[in-house]
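Nothing in this text is a laboratory measurement; each read-out follows from the coordinates by a stated rule. Since the structure is predicted, the reported quantities are computational estimates derived from the model, not experimental observations. Cβ placement follows ideal geometry from the backbone for every residue including glycine, while neighbour counts extend to all protein chains displayed.
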Amino acid sequence: MTTIRAGVAELGRSFPLYLFTGIIGTLFLVTSQCDCFLLPGFVDHKRILRQFDPLPSPCTNDQGRTSAYSSVVTSINNIGDDNNGSDETPSDTKSLLEFLSPAISCSVNQMSGTDLAYIGDVVYELFARSRHVWPSKRTTDLQNTVVGIVRAEHQSYLLQQLKESFPLSEKEKQVMMRGRNAVTRSKNRRNPAAYQDSTALEALIGYIYINDKERCQELLAWLETVVDVREKDSGKS
């Protein structure tokens, strides 16, 4: 009995030493990247971190190898260095007009008159809305104004003015004809001739918008002048 008590007393005196030795050993294993004795949660965390940079095999401590922590920090710093203080746009980033245009592979000369008018309708609609969205007004008034500009009869008037005073190439004249011919006459339409003119104008706008942005700018500037004059004349009457 006396021997057992002496052994227990000796163990109590040596326990702090054993505890200290265990802590030091665990820290050594952690710094040497060995996860043999780590908790599962921490092991999973280390495995997630390893996706940034492949690490050496566990339980090795060769000179020149970096720890998991330093590898992750280096990867994160490299990512930050690529972004910090750089206002330059990558060369492969699309411009606004490229986002609002068909794919580069699109062949405008092979598009049907209906497809060209489909794009031209959007371009002309945005042109009309942008003109009148400011100063702010009631939505119903804004809508009525825009509808008056984009309706077929108004576009037919613009097409007649375009033929008389805006220089058109032979190709552009052919595009207008393709747009006109794409329309099927219907008894349900109130003014079939105006609808044909409207489609011809929209096909021309769509063709020029896709094919030549500078030419489209010229066309829209001319349309703005004609629309301004017509709106002033309408206001006087």
Where does each of Met177, Met111 land when they are ranked from fewest to most other beta-carbon atoms within 10 angstrom? Met177, Met111
How do Tyr124, Tyr195 rank when sorted from fewest to most other Cβ atoms within 10 Å of their own Cβ? Tyr195, Tyr124
Run the Debye formula on the Cα coordinates of the stretch 152-219, all scatterers equal and no solvent, and tell me log10 I(q)/I(0) at q = 0.20, 0.24 1/Å. -0.77, -1.05
Go through the stretch 222-232 residue by residue and turn each phi into a ³J(HN,Hα) via Karplus (6.51, -1.76, 1.60, θ = phi - 60°); whole Hz please, and just put x for glycine and proline. 5, 4, 4, 5, 5, 5, 4, 5, 5, 5, 5
Loop-resident trypsin sites (Lys or Arg not before Pro) in the stretch 148-207 with no more than 11 other Cβ atoms inside 10 Å, DSSP not H/G/I/E/B, are Arg185, Lys187, Arg190
Given the stretch 96-236 reduced to its alpha-carbon atoms as identical point scatterers, what log10 I(q)/I(0) does the Debye formula return at q = 0.14, 0.18, 0.21 Å⁻¹? -0.67, -1.08, -1.38
Geometric extent, Cα atoms of the stretch 95-170 - Rg, Dmax (angstrom): 15.3, 43
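Order these by the 10 Å Cβ neighbour count, fewest first: Ser107, Ser101.
Working: Ser107 8, Ser101 15.
Ascending Cβ contact count within 10 Å gives the list Ser107, Ser101.
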Whole-Hz ³J(HN,Hα) for each residue in the stretch 94-109, computed from phi via Karplus 6.51 cos²θ - 1.76 cosθ + 1.60 with θ = phi - 60°, x for glycine and proline: what do you get? 6, 7, 4, 5, 5, 5, 9, 9, x, 4, 4, 6, 5, 9, 5, 6
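Counting Lys and Arg as +1 and Asp and Glu as -1, each charge on the Cβ, what is the dipole of the stretch 177-237 about the Cα centre in debye, to the nearest 20?
Details: 11 positive and 9 negative charges, 109 e Å.
The dipole magnitude comes to about 520 debye.
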